[in-house]
Amino acid sequence: MLNRSQTWIEQHTLNFSPFSRKVLLALLFSLVFLAGVFTEQIYHAFDLLYKAVFTALGLAGSLERSQQEVSTQLTERNWLTMISYGLLYTILCFITVHIFLKNARNTLIAGLLYAFLFGLCIALILTGKIFSSLHWPFMLTRRLIEIIVSPLPVILLMATLTKRAK
């Protein structure tokens, strides 16, 4: 499995000139930075988008009901907004790491780390749902999400995997 995934990544790795790679990395770092600075505005835009879509589909009530099922210890925002922002931010960070490392094996390791963290969040949420008297799974999930949706994993992955490659 590892070899097949690694082969696919190697086949689909873009080769950039050193200058274009630096420009692309500067652009990606800027986007990560701006996404962090304008988080509230991005959340608001997603909130408006989902409200308009669900209202147009006649499902505004179901969106509100589904939000009531989400623990306030996890988020008080629209859960679709949080998932959308988190996924877009994570994809942006992952692309940044991939372009920076330009190594298929390290990209695979970074991807597995992100997948592990997302899986852990899902497991913690399910634990909190099953054992409703427990509050710590939601609080721990919230902390993990705050770490995932920050530049911290990008910095750590770049530093760790760059040293590993040498």
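For this structure, a couple of remarks:
- Label-reachable residues, segment 140-160, where backbone N falls under 14 Å from a point 7 Å from Phe33's Cα toward its Cβ: 151
- Whole-Å semi-axes of segment 16-165's equivalent ellipsoid (Cα gyration tensor): 32, 21, 12
- Placing unit charges on the Cβ atoms only, positive for Lys and Arg and negative for Asp and Glu, gives segment 16-165 a dipole magnitude near 680 debye about its Cα centre.
- Per-pair calculated FRET efficiency, R0 = 22 Å: Phe16 and Phe118 via Cβ, rounded to 0.05: 0.20
- Residue (of His98, His135, Gly61) at the positive-pole extreme of segment 16-165, dipole from beta-carbon charges: His98
- Charge dipole (segment 16-165, unit charges on Cβ, about Cα centre) - positive-most of Ser20, Trp79, Ala45: Ser20
Here, each number is a calculation from the coordinates, and none is a lab measurement. Please read these numbers as outputs of a predicted model, since none were measured by experiment. Methodologically, a virtual Cβ is constructed for each residue, glycine included, from the backbone with ideal geometry; neighbour enumeration extends over all protein chains shown.
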